Structure formats: structure tokens, C-alpha cells
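Down below is the structure, laid out as C-alpha cells.
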Amino acid sequence: MDAQPLAELAAPAAVFERMLSLAAVEPPGSDEPYYDEMLLQIDESSLRTPAGSVDAPLSAYCTAEADLLDAVDGVEGGPVTAVFDIVELRDWMAWVDDGGEGVSVRVDGDPETSEASALVVRSGAATARVDCVRDSGLLADVPRELPGRFTADERFRLADGTPAPTVVETDADQLRRIASGVRTAGTATFPFVVADGALRFELEEGGRARASAELAGEVSGPDVHNEYGGALGRVADVLTGPVTLQTGPDAPLAVVSRHSGFTLRYVLSRVES
């Protein structure tokens, strides 16, 4: 069956670029996104990136209301699924938007499966096509664990289904403070420490304290002293404003950033010490 239009999105190029950078964990000034490809689901009311597993070093589950865009048209029935190369889409968007008239993205594919075969990017008279992954078997094997790990009020569930017991309400600047300390020390992992009811930066070397500080935040739940990989630094650099951190002893770390119209959720697996 020939490909048919499944959906069409329209917005200023800067809106698309910002959405891609947040979901792909690409901080300002970085050379490339954390991920090569993105799985995007589109329905009449929202866009979401459900692919990921809590066992991965970093997984991102982001959702955005359709109202953030100028238009989301043509979606009928179940959600449309597209898997595409992030850098290729970003670069073609920048190319077609040479006149600054805004960008439309038409999703072409199979109406029977709602799977995309290509994204057609347009602005004014300029157009470009980005081919999508078209292997249905491969798409079926992509883990989509994260949506089920978050409750309606964004509480992160551990493997046994219970909410992560340690919760820290803070802001992205405090995460960047942790990242800055780790980069200054040149260490490979990021300590995440809650002790005596406070979020702390505690860095040890050779069994001795090297750096420490109490960070701003409202804390509830048990003390933790976990280690996470370098991806936590990328998450810190991409975020702004308030964030909710959820974990537990020897547990993954969920970072949730809620804004008007969209929610960002990043989950990092613990590094064994």
C-alpha cells in the first residue's frame, strides 16, 4: 500500500527544535543529542516519547499537549507512531526554515498500522523528506516501560509497584551544582545523597571526604547514597526551573520537570558501587 498522510504538525521551527532537544537530552551548546533516534507517538491531544527502560543508563519519557503547536491535524483512530533520526530531522527543519515562516511536518505511512514511513518537512516553497524506521518487528521489540512507571500525579513507581520513597523538591540549578562538582573533580559517576533530611553533595576519594555541601530543596523519605552515570549531567544541563527527584536506597533516579503544557521525565539506572 502506498504511503498516505497520517498526521500533520505545524509550529515555529524554534518550538520544534526545543521539543527535540528536551526529549533527546541535548543541552545548549552540545555537539549531539544523547539519542540517535526517537520514537514519537501522536494523537489528537498530545505528543509523547514512550520508549525506554529503567534498566538503561538514561531513558526519557516526555509528553506535550497538542495545543503547544500551531496545529495537529489529520490524526484518526489510534496514535500514529514514527521512529526517526533526530539530527537528520533537526537539520532539515533548520534548512527548510531559511525564511523564518514556520515549519510543517507531514507524517506519511500505513493507515492500517498507523506506522510512519517518512516525515515530510515544509516551509514556504522548501521541502525535505526524512525516512522513518519501517520494521514493524523492530518497533514491537522497543521497550515502552516508562509510561506505566509513573502515576497520574507523576509519582515514580519502583519495580515492586510502590512509589519511590525519597522525594526531593528542588530546582535544576541544584542538579547543575552536583554536575559542576563532579566535573571539577573529574570523577566518572554522580553521587546523589540525601542525609538527615537534606539534599547534599558528598564526594569522597580514597575513603576521604573531598568536597561537600548542603543543597537547597524540600526532602521527604529515607536517606540515600546512590551513584548514577554521566547522563545525569546532561539532564541537569537541559532543564530549567523546579524539578522533582524521586528515588530510594539502591534505586533508579527519576527526574520530573513539569511545565505548562508539557512534562519531562528522565529515569537513570543506579551505578553499582
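What follows draws every value from the coordinates through simple rules; no lab data is involved. What you see is a predicted model; the values in this text were computed from it and never measured. Glycine gets a Cβ as well: all are built from the backbone with ideal geometry, and neighbour counts include every protein chain shown.
Figures for the structure shown
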quantity	calculated
Lys, Arg +1 and Asp, Glu -1 on Cβ, resulting dipole of region 166-268 about Cα centre, debye, nearest 20	380 debye
Dipole moment magnitude, nearest 20 debye, the chain about Cα centre, only Lys, Arg, Asp, Glu C-beta charged	860 debye
Fraction of alpha-carbon pairs over 15 Å apart in region 189-233 - percent	47 percent
Gain upon complete extension [residue 220, residue 260; 0.36 nm per residue less C-alpha separation]	11.9 nm
Dimensionless Rg/Rh of region 71-124 - Kirkwood Rh, Rg from C-alpha atoms	1.01
Under the Karplus curve 6.51 cos²θ - 1.76 cosθ + 1.60, θ = phi - 60°, whole-Hz ³J(HN,Hα) for region 218-228, x wherever Gly or Pro sits	9, 10, 9, x, x, 5, 9, 9, 10, 10, 10
Kirkwood Rh in Å, taken over all unlike Cα pairs in region 170-273	13.9 Å
Residue-averaged 222 nm ellipticity for the chain, from DSSP H runs of 4+ at -39500 (n - 2.57), nearest 500	-5500 deg cm²/dmol
Two-site label geometry, residue 140 and residue 70: point separation in nm, points 7 Å out along Cα→Cβ	4.0 nm
Rh (Kirkwood; distinct C-alpha pairs) - the chain, Å	19.8 Å
Packing rank of 246-256, 206-216, 28-38, 110-120, where each peptide gets the mean count of other beta carbons within 10 Å, highest leading	246-256, 110-120, 28-38, 206-216
Dipole moment magnitude, nearest 20 debye, region 4-149 about Cα centre, only Lys, Arg, Asp, Glu C-beta charged	180 debye
Protection proxy ranking of 60-70, 17-27, 148-158 - average other beta-carbon atoms within 10 Å, highest first	17-27, 60-70, 148-158
In sequence order, calculated HN-Hα J values of region 19-30 (Karplus, 6.51, -1.76, 1.60; Hz; x Gly/Pro)	4, 5, 5, 5, 6, 8, 6, 10, x, x, x, 7
Under-5 Å amide H pairs with residue 243, H placed in peptide plane, nonlocal only	170, 171, 172
Cβ-derived FRET efficiency at R0 25 Å, residue 250 paired with residue 152, nearest 0.05	0.40
Angstrom value of the Kirkwood radius, inverse mean 1/r, which spans all Cα pairs in region 130-200	16.0 Å
Spacing of the two label points (7 Å from each Cα toward its C-beta) at residue 36 and residue 160, in nm	3.9 nm
Cut-off under 5 Å, modelled amide H: who pairs with residue 109 long-range	4, 6, 117
Bins of 10 Å, starting at 0 and running to the largest distance - Cα pair percent for region 1-151	11, 42, 38, 9, 0
